[in-house]
């Protein structure tokens, strides 16, 4: 999945693909193309509504260019008009772009048309400038390592969750142990389902990842109570004692809540680097991004904390919820609820981060 700008460009090119122009290109931010051609270029102008709404205003331009010695001016104008006509779709361009991309387009209208003669390469050229308002319906897939969401892939026995299928395509499916199944709640967060991990409830998977040096992690979660025996973290490794320093136990997604009201970003064994206050019974979207030596941690796309620490983790038998062991005793019980988890095995770009946060907040309406 590409950025919101690239998605707008692709959707506009697709919208006029029925014309007879032999070559279609998106801009790719590159140099001159073979002619004749049609290029699209979009640029985010501003974020609409309120900060962190995830709805962006974009200026997009379709440019049609043709060599003056290979087509008459009348022929050039005719082809240009066929492009314009294709943009007046039924029921409208915004609906078409929404149906044929990963965008939710609220507005798509032609703002202006301009024409010019480019003397240095003897071409005719005309632009169509469009005003777009859009957000993302989905997320980037490059480097997607794990994707759990409560509205897909959940297997139930009554209201007990017996399995939670990975939507990334990597097969990192979670399963339960009898007596420790979390509870499925069909409608809680913006009328969407969530999964309740009440203290010792958990799911596990047997996959192994070694030498993890980069990661980007997004979690939609709510802490139900601070009344914990020790700490709370969304993820851990099964049957690993945190005090066993000989065992690699850098646990994705590098987050842990202490016994009061702070959510901590965790880099390696017992290295607590940044914290942000959290409230009971409040939903959050957490974002943790690490390039291996530096990282950032934020909640609800705000109050970003940065840190410097080396990430080199091995993950075996990942557990969602439940507890790890400290000095041989159960700890870090997760009295919380989860709606969605998205993990990448790379450092995503700032535009991609906005895309994922926009997708999650558009879906769950948290902030």
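Could you go through the range 54-61 and let me know if any residue there is at positive phi, surrounded by 17 or more Cβ atoms within 10 Å (Cβ to Cβ) and either in contact with a helix residue (DSSP H, G or I) (Cβ under 8 Å, 6 or more places away or on another chain) or in a loop (DSSP other than H, G, I, E, B) (or both). Outline the logic, then answer.
The initial filter retains those residues of the range 54-61 that are at positive phi, namely 54.
Still in the list and also surrounded by 17 or more Cβ atoms within 10 Å (Cβ to Cβ): 54.
In the following step, the residues that additionally are either in contact with a helix residue (DSSP H, G or I) (Cβ under 8 Å, 6 or more places away or on another chain) or in a loop (DSSP other than H, G, I, E, B) (or both) were identified as 54.
Yes, the range 54-61 contains at least one residue that is at positive phi, surrounded by 17 or more Cβ atoms within 10 Å (Cβ to Cβ) and either in contact with a helix residue (DSSP H, G or I) (Cβ under 8 Å, 6 or more places away or on another chain) or in a loop (DSSP other than H, G, I, E, B) (or both).
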Note to self: If residue 179 meets every condition in (1) touching a residue at least 24 places away in the same chain (Cβ under 8 Å); (2) part of a loop (DSSP other than H, G, I, E, B) apart from one, which number is that one?
What the structure shows: (1)
Check: Going through the range 349-364 one residue at a time, which ones are more than 9 Å from the chain's Cα centre (by Cα) and either closer than 20 Å to residue 149 by Cα or not assigned by TED's automatic domain parsing to the domain that holds residue 285 (or both)?
Finding: 361, 362, 363, 364
Check: From the list 107, 126, 149, which one is under 15 Å from the mean Cα position of the chain (by Cα) and either buried (at least 16 other Cβ atoms within 10 Å of the Cβ) or farther than 30 Å from residue 347 by Cα (or both)?
Finding: 149
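Wholly within the range 105-160, which strands (runs of 3 or more DSSP E) include no fewer than the required count, namely at least 1 residues that are out of contact with any strand residue (DSSP E or B) (no Cβ under 7 Å at 6 or more places or on another chain), over 22 Å from residue 219 (Cα atoms) and in the same structural domain as residue 184 (by TED's automatic domain parsing)?
On the way: elements: 123-136, 144-149, 154-157.
In the range 105-160, the matching strands (runs of 3 or more DSSP E) lie at 154-157.
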Next item on the list: Return yes or no: is residue 289 modelled with pLDDT of 80 or more, under 15 Å from residue 221 (Cα atoms) and not in a loop (DSSP other than H, G, I, E, B)?
Entry: no
Check: Restricting attention to the range 68-77, which residues are surrounded by fewer than 13 Cβ atoms within 10 Å (Cβ to Cβ) and either without any contact (Cβ under 8 Å) to a residue 12 or more places away in the chain or part of a helix (DSSP H, G or I) (or both)?
Finding: 72, 73, 74, 75
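Can you name the strands (runs of 3 or more DSSP E) wholly within the range 195-238 that have at least 3 residues being at pLDDT below 80, more than 21 Å from residue 283 (Cα to Cα) and in the same structural domain as residue 296 (by TED's automatic domain parsing)? First the steps, then the outcome.
Details: elements: 202-204, 208-212, 215-223, 235-237.
Result: 208-212.
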Next item on the list: Output the residue which, of all residues in the range 173-194 that are under 20 Å from the mean Cα position of the chain (by Cα) and under 13 Å from residue 149 (Cα atoms), is surrounded by the most Cβ atoms within 10 Å (Cβ to Cβ).
Entry: 194
Next item on the list: Taking the residues in the range 78-98 that are more than 34 Å from the chain's Cα centre (by Cα) and surrounded by 16 or more Cβ atoms within 10 Å (Cβ to Cβ) as candidates, determine which candidate is farthest from residue 112 (Cα to Cα).
Entry: 79
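The values are calculated or read from the model by the stated rules, or taken from the named source; none is laboratory data. Just so it is clear, the structure is predicted and the values come from calculations on it, not from any experiment. A quick note on method: Cβ atoms are made from the backbone with ideal geometry, for glycine too, and the neighbour counts reach across all protein chains shown.
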